[in-house]
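So the structure is just underneath, and the comments pick up after that.
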Amino acid sequence: MRWLVLFFMLMGMVPVVMAQEGGSTPPPTTTIHVVQRGDTLFTIAQLYGTTVEAIMTANNLSDARFIEVGQRLLIPNARPGINPNTNLPHVVQPGETLYTLDSQYPASLDELMLLNHVVHPRRLYVGQVILVGDATRTDETFSLYVVQAGDYPLRIAARFGLTLERLRQLNGLDEWTPIVPGMTLLVPKQAKPLLNLPTPLTNLTLNPTIPAQGQSVSLKMETSVPIQATIEFMERTYQVGTIDPTHYAAILSIHAFADAGVYPIRLNLLGEHPTTYELRIEVQDGGYGSEAIDFPADREYLLEASVVQPELDRVIAVVTPFTPQRYFDGLMSLPAASTMTSPFGTRRSYDGSPYNTFHGGADFGGAVGTPITAPAGGVVVFAEATQVRGNAVIIDHGWGVYTGYWHQSEIFVQVGQTVNRGDTIGTLGGTGLATGPHLHWEMWVNGVQVDPMQWVQQAFP
Ligand SMILES: [Zn+2]
């Protein structure tokens with residue numbers, strides 16, 4: 001039996017499919033689906049491998065938007081062999097393709113393509129939900145691996161915990177048979193997901209996997225040899241920080257006004273094996289609200305472009321350079337022992353202007369004189385009185401990450417000073433363009449303003 005199963009696997013087939021009768025065209029069937037909370041005709045159609053139009057026709061529906069929880073829908077020609085109750089979703093990770101999912105799950109590549117309406121097996125995006133069929137259909141301890149360009153036999157063997165001799169033996173190859181890209185090899189099933197990454201990349205993770213507008217993304221790379229790398233994302237180039245000679249990371253940033261959608265991330269790796277690799281991620285809407293703000297007449301001159309722009313240009317010049325030394329590690333602490341009164345990202349209108357700006361930081365209310373503390377280690381790169389930001393401090397945390405503290409009543413630090421997490425850098429106030437005393441806490445990553453509160457909840461890198 002085992003050899004029969006191996007035969008099927010080597011032929012790229014799943015035994016259960018072979019056991020079905022009727023050859024290539026199964027007889028027409030109708031299945032009944034009970035609408036669940038969160039279902040849409042689109043997700044139901046995906047679940048059964050059919051189309052929205054086919055379900056609408058079978059049920060005499062005139063508008064695809066109106067289905068109710070508990071409603072029974074006739075599903076014409078639900079794909080046989082796919083049981084909706086055990087049809088598992090798989091969230092795509094960096095480096096995964098339908099080929100890697102095919103070798104991880106019992107469904108065949110053709111089944112996966114049909115079930116998910118995927119035309120290009122390599123063009124999945126990170127965070128995409130792929131239905132992987134009925135995972136209870138097999139108990140194999142082997143899976144298939146497609147040899148990639150840049151792979152070499154010893155590395156493939158090592159990756160699956162085999163000697164080269166054992167890999168050849170398992171696949172009935174003698175030592176004269178070359179192992180070439182495109183060849184399918186039988187390998188032991190891995191607990192760790194298979195990744196379709198080019199040498200020298202051995203692992204790649206993104207956190208969060210599906211980021212939102214205004215967020216930072218930690219991209220971590222593991223390599224087999226030391227590398228130098230840059231990353232291109234949303235028309236910006238990112239430097240990559242070194243953790244150790246085989247671990248690297250970059251902090252990517254998504255502008256609060258970036259359109260939601262799928263974007264490419266391009267990795268340029270230099271070193272012994274120069275290569276490029278592109279993956280795609282989905283950026284979600286940040287769900288930010290909007291607010292209108294009116295300033296007292298005596299401070300309105302501070303809204304003038306001639307005042308605002310030169311100051312903003314100075315801040316951008318300070319927060320853009322990449323410092324190779326990293327001072328942050330893990331969660332950041334809150335910069336003041338007070339409550340957040342206004343979140344990052346809110347779309348803003350000042351004195352009746354259009355909503356074409358957004359709140360670039362998180363505000364903390366509190367009494368004048370409340371201590372402001374550094375949320376992570378770093379070097380002070382800006383500490384002075386400004387017109388719009390009032391008494392302002394900027395800390396460089398390394399790797400292109402900066403935090404800013406505006407409207408302070410007093411500043412206790414100087415440019416060039418190294419600070420540790422928890423050090424008091426100044427006190428809360430209402431200086432500059434502020435409607436009342438508060439700390440405006442801002443974060444910049446590679447020259448883009450992002451939500452600092454994410455860094456209190458998620459450990460970077
Ligand atoms: Zn603010």
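So how many residues does the range 165-187 have that are surrounded by fewer than 16 Cβ atoms within 10 Å (Cβ to Cβ) and either hydroxyl-bearing (S, T, Y) or outside any loop (DSSP other than H, G, I, E, B) (or both)?
Qualifying residue count, the range 165-187: 4.
Go through the range 214-251 residue by residue and tally those that are over 20 Å from M443 (Cα atoms), in contact with an Asp or Glu (Cβ under 7 Å, 6 or more places away or on another chain) and not in a strand (DSSP E or B).
Of the residues in that region, 2 qualify.
Within 24 Å of the chain's Cα centre (by Cα) and not in a loop (DSSP other than H, G, I, E, B) - does that describe any residue in the range 298-305?
No, that holds for no residue.
Residue by residue through the range 393-446, note down the ones that are aliphatic (A, V, I, L, M), within 15 Å of the ligand (Cβ to nearest atom) and assigned to a loop (DSSP other than H, G, I, E, B).
Answer for the range 393-446, where residues must be aliphatic (A, V, I, L, M), within 15 Å of the ligand (Cβ to nearest atom) and assigned to a loop (DSSP other than H, G, I, E, B): L428, L433, A434.
Find all pairs meeting these conditions: Cβ atoms under 6 angstrom apart; at least six residues apart or on different chains; first residue within the range 390-407 and under 16 Å from N420 (Cβ atoms) and at pLDDT 95 or above; second residue of a type in the set (F, W, Y) and surrounded by 24 or more Cβ atoms within 10 Å (Cβ to Cβ).
From the range 390-407, the pairs are V393/Y405; D396/Y402.
Can Y277 be described as part of a strand (DSSP E or B) and either more than 26 Å from the chain's Cα centre (by Cα) or more than 16 Å from H407 (Cβ to Cβ) (or both)?
Yes; evaluated as a whole, the condition is true for this residue.
Check whether at least one residue in the range 36-48 is β-branched (V, I, T), at pLDDT 75 or above and part of a loop (DSSP other than H, G, I, E, B), and report yes or no.
yes
Within the range 272-282, does at least one residue satisfy the condition of being of a type outside the set (G, A, S) and under 23 Å from G360 (Cα atoms)?
yes
Quick check: is even one residue across the range 317-327 under 26 Å from the mean Cα position of the chain (by Cα), in the same structural domain as G430 (by TED's automatic domain parsing) and among the charged types (D, E, K, R)?
yes
Out of the residues in the range 378-401 that are under 10 Å from Y327 (Cα atoms) and out of contact with any Asp or Glu (no Cβ under 9 Å at 6 or more places or on another chain), state the one that is surrounded by the most Cβ atoms within 10 Å (Cβ to Cβ).
So the residue we want is V401.
Which numbered condition in (1) at pLDDT 95 or above; (2) in a loop (DSSP other than H, G, I, E, B) is the only one that T209 fails?
Failing condition for T209: (1).
If you check every pair at least six apart or on different chains, which have Cβ atoms under 9 Å apart with a residue in the range 434-458 that is of a type in the set (S, T, Y) first and a residue that is at pLDDT below 95 and surrounded by fewer than 24 Cβ atoms within 10 Å (Cβ to Cβ) second?
T435/I293; T435/D294; T435/F295; T435/P296; T435/R299
Do you know which of the residues in the range 369-392 that are among the aliphatic types (A, V, I, L, M) and more than 16 Å from the ligand (Cβ to nearest atom) is nearest to Y350 (Cα to Cα)?
Within the range 369-392, the match that is nearest to Y350 (Cα to Cα) is A385.
Please work out which residue is modelled with the highest pLDDT, limiting yourself to the range 137-182 and to residues that are basic (K, R) and closer than 26 Å to P121 by Cα.
So, considering only residues that are basic (K, R) and closer than 26 Å to P121 by Cα, the one modelled with the highest pLDDT is R155.
Do we have R347 as within 16 Å of the ligand (Cβ to nearest atom) and surrounded by 21 or more Cβ atoms within 10 Å (Cβ to Cβ) here?
no
Those residues that are touching a residue at least 60 places away in the same chain (Cβ under 8 Å), under 15 Å from the mean Cα position of the chain (by Cα) and closer than 21 Å to T320 by Cβ, I need them from the range 239-272; list them, please.
Within the range 239-272, A249, A250, I251, L252, S253, I254, H255 meet the criteria.
Determine whether G366 is more than 12 Å from the ligand (Cβ to nearest atom), buried (at least 18 other Cβ atoms within 10 Å of the Cβ), over 12 Å from G426 (Cβ atoms) and more than 28 Å from the chain's Cα centre (by Cα).
It is true that G366 is more than 12 Å from the ligand (Cβ to nearest atom), buried (at least 18 other Cβ atoms within 10 Å of the Cβ), over 12 Å from G426 (Cβ atoms) and more than 28 Å from the chain's Cα centre (by Cα).
The values are calculated or read from the model by the stated rules, or taken from the named source; none is laboratory data. All values reported here derive from a predicted model rather than from experimental measurement. Please note: Cβ atoms are built from the backbone with ideal geometry, for glycine as well, and neighbour counts cover all protein chains shown.
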